[in-house]
Every structure is written in structure tokens, then in C-alpha cells.
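Participant: The structure's right below; bear with me while I get my questions together.
The values are calculated or read from the model by the stated rules, or taken from the named source; none is laboratory data. Small disclaimer: the values here were computed from a predicted structure and weren't measured. Cβ sites come from the backbone with ideal geometry, for glycine too, and all protein chains shown count toward neighbours. Side chains are part of the model used for accessible areas, which takes the heavy atoms of the whole protein and leaves out ligands, DNA and RNA. Shrake-Rupley method; radii C 1.70, N 1.55, O 1.52, S 1.80 Å.
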Amino acid sequence: MVNLVLATIAFAVTFWAWNLIAPLSGTYSEQLGLSPTQTSMLVAIPVLVGSLGRIPVGVLTDKLGGRLMFAAICFLTIVPVLFVGWSNSYGALLFWGFLLGVGGTSFAVGIPFVNAWYEPARRGFATGLFGAGMGGTALSAFLTPRLVEGLGRAQTHLLMAAMLALMGVIMLVASRNSPGWKPSTEPPLPRMRDATKIKATWQCAVLYAVAFGGFVAFSTYLPTLLRNVYDFTQTDAGLRTAGFSIAAVIARPLGGALSDKTGPERVLLASFAGTAVLAVVLAFEPPLEVPAGTCFVAIAFFLGLGTGGVFALVAKLVDPTRVGTVTGLVGAAGGLGGYFPPLVMGAVYTATGAYTIGFLLLALTALAAWVYTLKAFPSGRGSG
């Protein structure tokens with residue numbers, strides 16, 4: 001439990017750093033005169049490295065262990081955090097925002113690290129509780145705008161860098177790899193190739209691209225959407241985005257625990273069905289706070305259930321010695337699932353002045369994931 005708690009905190013801190021740009025998107029847009037498409041690109045760019053970087057990070061975690069890799073991610077993220085805080089041009093923000101994605105790779109460290117500490121019957125709970133660390137996005141949405149108002153942008157990023165340094169030291173000193181963990185001695189490329197031959201890798205990647213991708217897309221782009229549609233201030237939009245993230249954070253361990261009891265397939269079916277229905281409602285831009293606010297929180301809850309369900313499915317179908325590599329691939333798919341929607345939303349809003357088409361596309365995607373889950377796991381036993 002000590003290592004699970006430490007991993008969850010480290011995950012939250014690195015995810016906060018990963019999401020530093022999105023809560024301030026309104027400020028950057030106004031100061032630099034950005035179009036909706038440019039703002040979307042700025043918000044989405046950290047997601048790219050945070051997604052693709054999970055593949056090599058997952059392989060390295062199998063080889064070096066979660067303790068060392070968590071510390072390395074914390075220390076490496078300090079550099080882009082500082083430079084994002086000091087950048088005053090669109091080009092510089094894009095470059096350092098791209099490297100800020102390193103913080104988002106910590107997910108591929110934590111899943112195998114935590115997975116190794118728990119017996120199979122408890123892994124859904126453990127990975128679900130660890131996944132609650134994605135609440136770092138809620139901390140960022142709520143606290144980053146307020147800290148910038150009170151301290152200034154550079155000082156806020158300096159504080160974040162200090163938190164990362166402290167977390168890295170804590171992981172080195174206080175955390176331990178599971179006694180049952182053995183470092184992989186296989187070369188990384190053959191190991192990745194073997195992981196791609198596991199059917200469960202692709203099944204879970206597809207499902208995670210929808211569940212976690214939907215969460216990432218909302219948590220990064222929601223402040224911009226709320227400002228455009230409902231005329232919220234940056235601080236008020238951040239507060240509501242934090243509420244969205246908290247709902248998903250609560251739901252993720254619940255999704256993992258329910259998966260242990262009823263099977264991850266049923267949890268995923270419920271997740272995608274709820275997401276599809278609520279996306280249709282949101283497509284019509286309902287009024288605040290009810291039903292719009294309720295729908296945003298509810299869709300976050302359903303997406304959170306899905307993220308917990310997917311990695312309970314990974315733990316169920318994949319050999320523990322390959323969980324790190326598979327997690328890297330599945331996590332990359334989830335991150336990429338969150339990279340494209342903000343770009344689509346920005347383009348849709350520029351072209352039509354509304355987000356209706358974007359929400360309807362989300363509904364269709366969730367419906368397709370529901371159908372796929374039903375067909376891929378018809379008996380609830382999974383397919384390896």
C-alpha cells in the first residue's frame with residue numbers, strides 16, 4: 001500500500017505538470033492573439049509526447065523498474081516546466097510544450113510498478129486506485145490559474161519544478177520495486193514486437209483510446225470550450241474543469257474494483273453506453289448549470305469507469321512480465337486518443353461557431369467502442 005500511495009502521488013504530480021498549459025489557454029490566446037485552431041494546437045501538443053513516449057518508457061520500466069523510472073520522469077520534466085513558464089512566444093510555447101509531454105509518460109511506469117505488488121484478484125483495484133492520480137489534471141485546472149494570479153506565471157512554474165524535484169527524491173528514497181519483480185533482459189525491440197503480437201494489446205489499445213482519450217481531450221480542451229460556449233472567465237472555467245476531472249478520478253478506482261467483481265467487459269459496456277448518450281445531449285449546448293454541468297460531470301464519471309476497466313482487462317489478459325511493455329503501447333493509444341479531439345474541436349468551432357459536430361463524433365465513437373466490446377468479449381472471458 002505504501003508503494004501504491006507513493007506511485008499515485010507521483011503520477012498526480014507529473015500529470016499536473018503535463019497539464020500546465022491547458023488551464024492558461026485563455027491567457028495565451030489573448031496575449032498572443034491566437035486563433036481557435038492555434039489554441040487547440042497549443043493545448044494538444046503536450047499530449048503527443050505524453051502518448052508516444054509511453055512506448056519506450058514502458059519498455060524501460062520492464063528493464064529498470066518503476067522506482068528509478070518514476071524519479072527519472074520527475075527530474076526530466078523539470079526543464080520543460082521551467083521554460084514553459086518563461087516563454088513569451090507561440091513558437092517557444094509549442095516547442096517546450098512538446099517536451100512537457102514527458103510528464104505524461106509516467107502512466108506507463110506506474111501500471112507495471114503497481115501491478116507487480118498485487119495478486120491477480122486485486123490488480124483491478126490497485127491499478128484503478130493508481131489511476132486516480134490522473135486527478136493531477138484536476139489540481140492543475142483548479143490551482144494553476146489561481147497560483148498564476150497570486151504568484152505570477154514564472155513563479156508558479158518554479159514552484160511546480162520544486163514539487164517535481166521533491167517527488168523524484170521521495171521516489172528514490174522511499175519507494176521499492178516489488179520483491180517479485182525481475183528486470184527484463186530481452187532486447188527492447190523484440191520485446192515490443194512480441195507485445196504487438198498479443199491480441200489483447202490491440203483490443204485494449206482501441207478501448208483505451210476512447211476511454212482515456214476522451215478524458216484527456218476534455219480535461220485539456222474543456223477550459224477553452226467553456227469560455228467559448230458559456231463565457232466563463234479563465235478561473236471559473238478551471239474550477240469546472242477540476243470538477244470534471246475529479247468525477248473521472250473517483251470513477252477510475254471504482255471501475256477497477258467493479259471489474260474485479262463483475263468483469264471488466266461489463267464495466268466497459270456501461271462506460272461507453274453512458275458516454276454516447278451524454279455526448280448527444282451535450283451536442284445541443286444545453287443551458288447551465290443543469291443540465292450542462294450535470295452532463296459534463298456524468299460523462300467524466302463514465303469515462304473514468306472505462307479507464308479503470310481497460311487496465312483491469314490488461315491485468316486479466318496479459319502476463320505480468322509483459323505488463324510494462326503492453327501498458328506503454330496501450331497508454332500511447334489512450335494518449336493519442338486525447339490528442340486529436342481538441343484539434344477537431346478547434347477546427348469545428350472555427351468552421352461552424354459551435355461544437356455540435358464534435359460531440360456527435362464523440363457519440364458515434366463511443367457507440368462503436370460499445371459494439372466492439374460486445375463482439376470482442378461476448379462471453380466476458382476476454383481473448384488473449
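Participant: Does Ala116 qualify as being open to solvent by 10 Å² or more (accessible area, probe 1.4 Å), under 24 Å from Arg252 (Cβ atoms) and touching a helix residue (DSSP H, G or I) at 6+ places or on another chain (Cβ under 8 Å)?
Facilitator: On the way: open to solvent by 10 Å² or more (accessible area, probe 1.4 Å): yes; under 24 Å from Arg252 (Cβ atoms): yes; touching a helix residue (DSSP H, G or I) at 6+ places or on another chain (Cβ under 8 Å): yes.
In short, yes.
Participant: For the subset of segment 328-384 comprising residues that are touching a Pro at 6+ places or on another chain (Cβ under 8 Å) and open to solvent by less than 20 Å² (accessible area, probe 1.4 Å), which member is modelled with the highest pLDDT?
Facilitator: Per the criteria, the residue is Gly358.
Participant: I've got another one for you. Scan Phe107, Phe83 and give me the residue that is open to solvent by 40 Å² or more (accessible area, probe 1.4 Å) and in a helix (DSSP H, G or I).
Facilitator: Values: Phe107 fails: open to solvent by 40 Å² or more (accessible area, probe 1.4 Å).
Within the list Phe107, Phe83, the selection yields Phe83.
Participant: Another question, then. What is the one condition in (1) touching a helix residue (DSSP H, G or I) at 6+ places or on another chain (Cβ under 7 Å); (2) surrounded by fewer than 17 Cβ atoms within 10 Å (Cβ to Cβ) that Val59 does not satisfy?
Facilitator: Status for Val59: all satisfied but (2).
Participant: If you go through segment 23-32 one residue at a time, do you hit one that is open to solvent by less than 20 Å² (accessible area, probe 1.4 Å), aromatic (Phe, Trp, Tyr), more than 26 Å from Ser184 (Cβ to Cβ) and touching a residue at least 40 places away in the same chain (Cβ under 8 Å)? Please lay out each step first, then the result.
Facilitator: Residues of segment 23-32 open to solvent by less than 20 Å² (accessible area, probe 1.4 Å): 23-26, 28.
With aromatic (Phe, Trp, Tyr) added as a condition, the list becomes 28.
Next, from what is left, pick out any that are more than 26 Å from Ser184 (Cβ to Cβ): 28.
With touching a residue at least 40 places away in the same chain (Cβ under 8 Å) added as a condition, the list becomes 28.
Within segment 23-32, one or more residues are open to solvent by less than 20 Å² (accessible area, probe 1.4 Å), aromatic (Phe, Trp, Tyr), more than 26 Å from Ser184 (Cβ to Cβ) and touching a residue at least 40 places away in the same chain (Cβ under 8 Å).
Participant: When segment 183-205 is examined, which residues are found to be part of a helix (DSSP H, G or I) and either touching a strand residue (DSSP E or B) at 6+ places or on another chain (Cβ under 8 Å) or open to solvent by less than 70 Å² (accessible area, probe 1.4 Å) (or both)?
Facilitator: At the first step, the residues of segment 183-205 found to be part of a helix (DSSP H, G or I) are 188-196, 199-205.
Once the filter is applied, which keeps residues that are part of a helix (DSSP H, G or I) and either touching a strand residue (DSSP E or B) at 6+ places or on another chain (Cβ under 8 Å) or open to solvent by less than 70 Å² (accessible area, probe 1.4 Å) (or both), segment 183-205 yields Pro188, Pro190, Arg191, Met192, Asp194, Ala195, Thr196, Ala200, Thr201, Gln203, Cys204, Ala205.
Participant: Taking the options Gly180, Gly150, Gly168, name whichever one is open to solvent by less than 50 Å² (accessible area, probe 1.4 Å) and either assigned to a loop (DSSP other than H, G, I, E, B) or at pLDDT 90 or above (or both). So that I can check it myself, show each step before the final result.
Facilitator: Numbers: Gly180 fails: open to solvent by less than 50 Å² (accessible area, probe 1.4 Å); Gly150 fails: open to solvent by less than 50 Å² (accessible area, probe 1.4 Å).
Just one listed residue meets the conditions, Gly168.
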